[in-house]
Amino acid sequence: MNPWWGQLAKEYRLGRGGAIGALIALFLYLGIGVYASWRMGNPETFLAFCAFALMMHVLYMAGYMCVSLIREQRTLHLWLQTPLPAYKLLLAKLLNGWGALAFSLFIISAITLLSGTMVVNLFELDPELTWRDVISTGILIDIHILLIALYIGIGLTFLWAIYLVVSKSLGKVSGNVIGICLFFFLPWLMSKWEGTGLFHALFIWGKVDLNFSDVAYVAFRHVYIGYYFYHFLLALLLLFIASWLIERKVEV
Amino acid sequence: MKSGVKRMIEFNHVTKKYRSQAALNDFSLSLPAGKIIGLVGENGSGKSTALKLISGIISPTKGSVTVDGEVATRRISSKVSYLSELDAYYTFYTVGETVSYYASLYSDFNQRKAEEILDYMKLDRRKKVKDLSKGNRGRLKIAVTLAREVPVILMDEPLSGLDPIVRDAIVKGLLSFIDFEKQTLIITTHEIKEIEPILDTVVLIKDGVLLKMEDVEELRMEQNVSIVEWMKQVYQDGGIDK
């Protein structure tokens, strides 16, 4: 077997328990949603439960990677001894997590769609709404959840790599402090940078209008391809730095 | 060292510090190919650090370590099979799955040899790693390490936690499962008496400094002392081999 497939299979086994646990938690939560909806006599309550669960999937990769990386830390010497480059080791984790996210997202999206169209019947509430609007909006939301979740997962991996380097050279407390500081400081720095004129000149281009009905209008009417390109580059940069740190600086 | 003998591993003025603590200090050593080499010394002398440096999972603070002429980085794992002293495994695998995982990772992994070693170690392939006793986990670690056809095999305390009968069987197994035409074995252990009969060379380290390196046969024939007696003598003399 190719080493990459062997590593993917190992990551699948490592993450499988957590992914099944997350699915069970999802169904328990939805069960609570059914009960709350029945007690309140309001079907829309269940739809709200579904929508919340759907949106919370942006944090799925953060949870998955936390569990996977913490478990890996216990056997770090085995992981570092593998012949694969660090970026492939990280990609094996990210891909497995992303697969698990896609599966869970598909289930909650289907349940949300069924609850929105059959339990609540949004078409009755708004006669202008079409299936095309519902499906297009759903796909748009799901794609963004998949991308944002992956982005957060890569960001977390980056912080983990820094934590491993710092905690080895300065101690675990310093590693935690620096990790937490970066967790708050980097998003702040990014928001400052994204507010500059230079950022707008470089990355706010390629406007695409989203032609949905007013009801299906989610949070924005248009997007910029340049903005996606910027985040793609940033994700690549974070993954590159994390891989480099693991390859060259992380020790056991 | 005799000229003409291929040098497999070279430590060139290596210092390794963990924060301000030096585990190895200006350590220079050249190890030959095709031998069983014992790395001995007290706890905290730097033996495990030396093996980790060869395996490339840590880097020197100063100096360099080379394996077969190549600087030891994390990717040296294509030439080095490393058994860690840590009792850490992928516990979700069975014994058989662990072997398959290693076989998938390393192109040099000899599956047939691994099966032979599992039989020799009397390991049940269907058993989950998390359900194995500490001794059996140790045997599994040895099996997957020895099954690789690499020039250098490193074993950090492979006999720790094993009962005396098993230790004896493993020491004998080392001779059967290593190809001395192609492989060098470096082993650290506190069970010196048990591995003494199979060692070719012994390297004594204290406080991160190389004290002495001797041919075991010469110790036996010329000085008529065991390794432990030799260690005591060198510690008393405080002799440093430079």
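The values are calculated or read from the model by the stated rules, or taken from the named source; none is laboratory data. The shown structure was predicted, so the numbers you read here are calculated from the model rather than taken from an experiment. Every residue, glycine as well, gets a Cβ built from its backbone with ideal geometry; the counts of neighbours run over all protein chains shown. The accessibility values were calculated without ligands, DNA or RNA, using every heavy atom of the protein model including side chains. Shrake-Rupley method; radii C 1.70, N 1.55, O 1.52, S 1.80 Å.
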Exercise. Expressed as a whole percentage, what fraction of the accessible surface of region A:113-252 belongs to carbon and sulfur atoms when a 1.4 Å probe is rolled over the protein heavy atoms?
Worked result: 73
Problem set entry | Over region A:19-84: Rg over Rh, Cα atoms, Kirkwood Rh | 1.25
Exercise. So for region B:7-236, Kirkwood radius off the Cα pairs, Stokes-Einstein at 10 °C and 1.306 mPa s: how many µm² s⁻¹?
Worked result: 88
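Local charge sum around A:GLY171 (other residues, Cβ-Cβ under 15 Å, Lys/Arg +1, Asp/Glu -1)? Please report the intermediate quantities before stating the final value.
Values: positive: A:LYS168, A:LYS172, B:LYS17, B:ARG19; negative: A:GLU251.
With Lys, Arg at +1 and Asp, Glu at -1, the net is +3.
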For this session: Treating the angle as unsigned and between 0 and 90°, give the value, to the nearest 10°, between the Cα long axis of helix B:95-105 and the longest Cα principal axis of chain B.
Result: 70
Exercise. Counting each DSSP H run of 4 or more residues in chain A as -39500 (n - 2.57), what helix-only mean residue ellipticity at 222 nm follows after dividing by all residues, to the nearest 500 deg cm²/dmol?
Worked result: -27000 deg cm²/dmol
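How crowded by other chains is B:89-101, given as the mean number of beta carbons from other chains within 10 Å of each beta carbon?
The shielding value for this peptide is 3.
Evaluate the charge dipole of chain B about its Cα centre and quote only its size in Debye, nearest 20, assuming +1 on the Cβ of each Lys and Arg and -1 on the Cβ of each Asp and Glu. Could the numbers behind the result be given before it?
Details: 35 positive and 34 negative charges, 191 e Å.
Roughly 920 debye for chain B.
Carbon and sulfur together cover what percent of the accessible area of region B:45-165 at a 1.4 Å probe radius?
Numbers: 2270 of 4520 Å².
Roughly 50 percent of what the probe reaches on region B:45-165 is carbon or sulfur.
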Problem set entry | Protein heavy-atom accessible area occluded, B/A pair - total, 1.4 Å probe, Å² | 2600
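Rounded to two decimal places and with Rh computed the Kirkwood way over Cα pairs, what is Rg over Rh for chain A?
Values: Rg = 20.9 Å, Rh = 20.5 Å.
Computed over Cα atoms, the ratio is 1.02.
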Problem set entry | Interface residues in region A:1-50 - accessible area drops by 50 Å² or more relative to the isolated chain, probe 1.4 Å | A:LYS10, A:ARG13
For this session: Alpha carbons only, please: Rg and Dmax for region A:119-168, in angstrom.
Result: 19.7, 62
Exercise. What angle do you read, to the nearest 10 degrees and between 0 and 90, between the alpha-carbon axis of helix B:111-120 and the longest principal axis of chain B?
Worked result: 90
Exercise. Averaged over A:69-78, how many beta carbons belonging to a partner chain fall within 10 Å of each residue's beta carbon?
Worked result: 4
Seminar exercise, completed: Lys and Arg at +1, Asp and Glu at -1: neighbours of B:SER104 with Cβ under 11 Å from its Cβ sum to 0
For this session: Could you tell me whether region A:127-252 comes out rounded, prolate or oblate from its Cα gyration tensor? Rule is a ≥ b ≥ c as square roots of the eigenvalues, rounded for a/c under 1.5, then prolate if a/b exceeds b/c, otherwise oblate.
Result: prolate
Seminar exercise, completed: If one compares the long axis through the Cα atoms of helix B:134-146 with the longest principal axis of the Cα atoms of chain B, the angle in degrees, nearest 10, works out at 80
For this session: Would you please classify the overall shape of region B:90-190 from the alpha carbon gyration tensor, given that a ≥ b ≥ c denote the square roots of the eigenvalues, rounded means a/c under 1.5, and beyond that prolate means a/b larger than b/c while oblate covers the rest?
Result: oblate
Exercise. In nm, to one decimal, how far is the modelled label at A:PHE232 from the one at A:LYS88, with both set 7 Å along Cα→Cβ?
Worked result: 2.5
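Would you tally the net charge around B:TRP230, using a Cβ to Cβ cut-off of less than 9 Å, leaving B:TRP230 out, and scoring K and R as +1, D and E as -1? Each step should come with its number before you reach the end.
Values: positive: B:LYS212, B:LYS232; negative: B:GLU214, B:GLU229.
Here the count lands on 0.
R0 = 51 Å: FRET efficiency of A:VAL223 with B:GLN233, Cβ-based, nearest 0.05? Before the final figure, lay out the partial values.
Working: r = 78 Å, r/R0 = 1.52.
Efficiency, from the Cβ-Cβ distance: 0.05.
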Problem set entry | For the protein assembly as shown: accessible area per residue (Å², 1.4 Å) | 49
Exercise. Nearest 0.05, what FRET efficiency do A:ASN121 and A:VAL34 give at R0 = 22 Å with Cβ-Cβ as r?
Worked result: 0.80
Seminar exercise, completed: Checked region B:126-179 with the C-alpha gyration tensor, a ≥ b ≥ c its square-rooted eigenvalues, rounded below a/c of 1.5, otherwise prolate if a/b is larger than b/c and oblate if not; verdict oblate
For this session: Specify the residue with the greatest mean-square fluctuation among B:SER107, B:SER84, B:SER48, computed from a Gaussian network of chain B linking alpha-carbon atoms under 10 Å apart.
Result: B:SER107
For this session: Would you mind listing how long the protein assembly as shown runs along its three principal axes, going by Cα atoms, in whole Å with the largest first?
Result: 101, 54, 36
